[in-house]
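Heads up, the thing below is written out as structure tokens.
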Amino acid sequence: MSIAWNAFTPASALIGGAIIGAAAALFAVLNGRIAGVSGILGGLARPQAGDLSWRIAFVAGLVAAPLVWAFLAALPEIRVDSSYPALVAAGLLVGIGTRYGGGCTSGHGVCGVSRASPRSIAATVAFMAAGFATVFVARHLIAP
Amino acid sequence: MMCTTASFAAGFVFGLGLLVAGMANPAKVLAFLDLAGAWDPSLALVMAGAIAVGAGAFAFVKDRTRTLLGAPVLLPSPRRIDTRLILGSLVFGVGWGLAGICPGPALVLAGTGSAKGLAFLAAMIAGNGVFEFLEKKKRVAPGPAPMRSS
């Protein structure tokens with residue numbers, strides 16, 4: 001392992017992380033819910049009266065963030081190197097996996113670990129391990 | 001109404017945090033997942049920063065039944081670690097490792113108008129549809145179909 005010191009951004013990572021934590025905190029303290037994006041989005045597939053507006057509002061907030069940002073300043077670097085077939089396969093796996101797993105990086109990784117939930121810690125270890133393994137196979141075994 | 005506004009604000013702040021942290025950039029997420037390559041540890045600090053702030057808030061709501069806005073506290077309570085949780089998370093991790101995108105960043109990417117981001121989001125929603133279809137089938141057909149007499 002070699003650390004890419006030129007790519008490592010400790011300050012913006014910590015500040016950005018704290019902002020993400022603040023969003024999860026705001027949501028817990030005001031709405032009483034877990035800021036888990038896969039679950040919030042997934043709930044839209046089973047529409048129930050009184051359960052839709054807060055979900056749509058949260059999703060709209062996430063989508064609006066880059067729009068407002070781009071209006072005021074240049075967006076930070078965003079690079080998607082994956083091919084379309086890889087993106088479609090990845091999207092399907094993320095869509096199915098997060099629903100069976102009951103959460104993603106936000107719900108399990110940020111909120112669940114913040115609550116010291118054993119379930120979320122187990123899920124986070126599992127998806128991190130699978131992520132590390134997949135990148136290893138894709139970058140160092142298939143296309144070194 | 002207050003809760004809907006708060007929900008929008010939380011989503012908006014979440015999106016800003018992802019942008020500041022560089023986590024809306026799939027190349028940076030993949031650089032974290034690439035332990036054997038030129039490793040970028042930033043994502044670990046994003047998690048640390050988020051958990052440090054989040055932990056206080058969750059400790060605050062833990063024993064409350066109502067939020068500051070008077071909404072019911074609906075935090076999940078299951079603690080069981082089962083195959084469904086682990087297998088689902090592994091499948092999610094494989095998808096995450098393929099593209100470097102998870103659900104939050106997928107929505108932020110879509111908001112930037114990225115065609116590739118939109119393709120991922122469409123596939124992710126389709127994946128949700130697959131899950132809903134399989135779950136519905138399980139609910140509707142609990143056992144074998146009744147035999148018909150001729």
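Before moving on, here are some points about what is shown:
- Crossing angle, helix A:84-101 versus chain A [Cα axis fit, 0-90 degrees, rounded to tens]: 50
- Tilt relative to chain B, helix B:42-61 - C-alpha long axis, 0 to 90 degrees, to 10: 70
- Total accessible surface hidden between A and B, rounded to 100 Å², 1.4 Å probe: 9400
- Working ranking of peptides A:35-45, B:129-139, A:75-85, A:95-105 by packing, defined as the average number of other Cβ atoms within 10 Å per residue, highest first, is A:95-105, A:35-45, A:75-85, B:129-139.
- Based on Cα atoms of the protein assembly as shown, Rg over Rh with Rh as the Kirkwood radius reads 0.99.
- Taking the C-alpha atoms only, the angle from helix B:2-21 to the longest principal axis of chain B is near 60 degrees.
- Element breakdown for the protein assembly as shown at a 1.4 angstrom probe: carbon and sulfur atoms account for 70% of the accessible area.
- For segment A:65-79, backbone phi angles converted through the Karplus equation (6.51, -1.76, 1.60; θ = phi - 60°) give residue-by-residue couplings of 3, x, 5, 5, 4, 5, 6, 9, 8, 6, 5, x, 4, 10, 10 Hz, Gly and Pro being listed as x.
- Its Kirkwood hydrodynamic radius, worked out from the mean inverse distance over all distinct Cα pairs, puts segment A:14-85 at 14.5 Å.
- Taken over the alpha carbons of segment A:1-45 as equal point scatterers, the Debye sum produces base-10 log I(q)/I(0) values at 0.13, 0.24, 0.27 Å⁻¹ of -0.48, -0.84, -0.93.
- Taking a straight Cα-Cα cut-off under 17 Å and skipping sequence neighbours fewer than 8 places away in the same chain, no aspartates and glutamates fall within cross-link reach of B:Lys136.
- Segment A:1-132 shape via C-alpha gyration tensor axes, a/c threshold 1.5: rounded
- Rg(Cα)/(2.2 N^0.38 Å) for segment B:26-150, N = residue count: 1.48
- Two-decimal ratio, segment B:1-75, of alpha-carbon radius of gyration to 2.2 N^0.38 Å: 1.43
- Per principal axis, descending, Cα span of segment B:77-141 in whole Å: 39, 26, 23
- In straight-distance terms, cross-link reach from B:Lys62 covers every one of the aspartates and glutamates whose alpha-carbon lies under 12 Å from its own, apart from those fewer than eight places away in the same chain; here that gives an empty set.
- Mean ellipticity per residue at 222 nm, deg cm²/dmol - from DSSP H runs of n ≥ 4 across chain B, formula -39500 (n - 2.57): -22500 deg cm²/dmol
- Relative to the Cα centre, the charge distribution of chain B, modelled as +1 at Lys and Arg Cβ and -1 at Asp and Glu Cβ, gives a dipole magnitude of about 660 debye.
- Per residue, chain A reaches -18500 deg cm²/dmol at 222 nm when only DSSP H runs of four or more residues are counted, each adding -39500 (n - 2.57).
- Inter-label distance for A:Arg139 and B:Ala115, nm, one decimal - labels placed 7 Å from Cα along Cα-to-Cβ: 2.6
- Rough spin-label spacing in nm, given labels placed 7 Å along Cα→Cβ, for A:Ala7 and B:Ala126: 2.9
The values are calculated or read from the model by the stated rules, or taken from the named source; none is laboratory data. Worth saying up front: this structure is predicted, and the values here are computed from it rather than measured. When we count neighbours, we look across all protein chains shown, and the Cβ atoms used for this are built from the backbone with ideal geometry, even at glycine. The protein model used for the area step is the full one, side chains on, heavy atoms only, and it has no ligands, DNA or RNA in it. Shrake-Rupley method; radii C 1.70, N 1.55, O 1.52, S 1.80 Å.
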